[in-house]
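Participant: Before I ask anything, here is the structure I am working with.
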Amino acid sequence: MSRRRPVRRKKVNKPVHTTSTTAYGDPDVLLPLPPLTLRILVALSKGDRQTYQIMREVQKPMSGVIPFKSPSLHHKLARMCISGLICEADGYPPPNDARRRYYRLTDWGRAVVEAEGRRLSEIVSWIETTGLLADPEAFTHDDNKAWPGPTAALSPPATQGRPAEDTQPQSLIPN
């Protein structure tokens, strides 16, 4: 019977926190940002946050909810630390739990999130010029005025004044 060798895990080094964005180059090379990365960076732009606080901020309701699990958040935070977008914040009192970590947005991360904000603003401005966003009230998130979603177009028609046999959904493929 052969013995398995133990799996060796790589040690993750903390990135050097720099006060200059020139050490990393042009922030546009990382754009467009994945939605989860953008939401984490925006959450950290409000100040240092603990992992649980970041998770609560990222899970706040918004159109196009980003489903994720806690391990994927920890993995994402570790990758963002390696890339220099965020770093572990020092100076907090030692917690009762050694696993509790605080994160901070680096200057590079702030430059990247600002570049992404400019990019998204330009896209929205361009779409507004086409007239697609002519009625901003149509896109509110109120319960009374919510966008019906793509399933509304596929729902069966109203049955007022029709026989019961016509209530079956019709095929979308022509005969």
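Participant: What ranking do 108-118, 31-41 get when scored by the average of other Cβ atoms within 10 Å per residue, highest first?
Facilitator: Values: 108-118: 19.5, 31-41: 17.6.
So the order, starting with the most tightly packed, is 108-118, 31-41.
Participant: Show me, for the stretch 48-61, the HN-Hα J-couplings you get by feeding each phi into the Karplus relation (A = 6.51, B = -1.76, C = 1.60, θ = phi - 60°), rounded to Hz, glycine and proline as x.
Facilitator: Those phi angles translate into 4, 9, 7, 3, 5, 5, 5, 4, 5, 5, 6, 7, 4, x Hz.
Participant: Tell me, in nm to one decimal, what length is gained between S45 and R99 on full extension, where the rule is 0.36 nm per residue of separation less the Cα-Cα distance? Walk me through the numbers before you get to the answer.
Facilitator: Numbers: separation 54, 0.36 × 54 = 19.44 nm, distance 2.25 nm.
Going from the current span to full extension adds 17.2 nm.
Participant: Taking amide H positions as placed 1.01 Å from N in the peptide plane, with prolines and chain starts having none, which residues 5 or more places from A89, or on another chain, fall under 5 Å of its amide H?
Facilitator: Excluding prolines and chain starts, which carry no amide H, the hits are Y102, Y103, R104.
We did not get these values from a lab; they are worked out from the coordinates using the rules stated. Everything quoted here is computed from the prediction, not taken from an experiment. With ideal geometry, Cβ positions are generated from the backbone for all residues, glycine too; neighbour counts draw on all protein chains shown.
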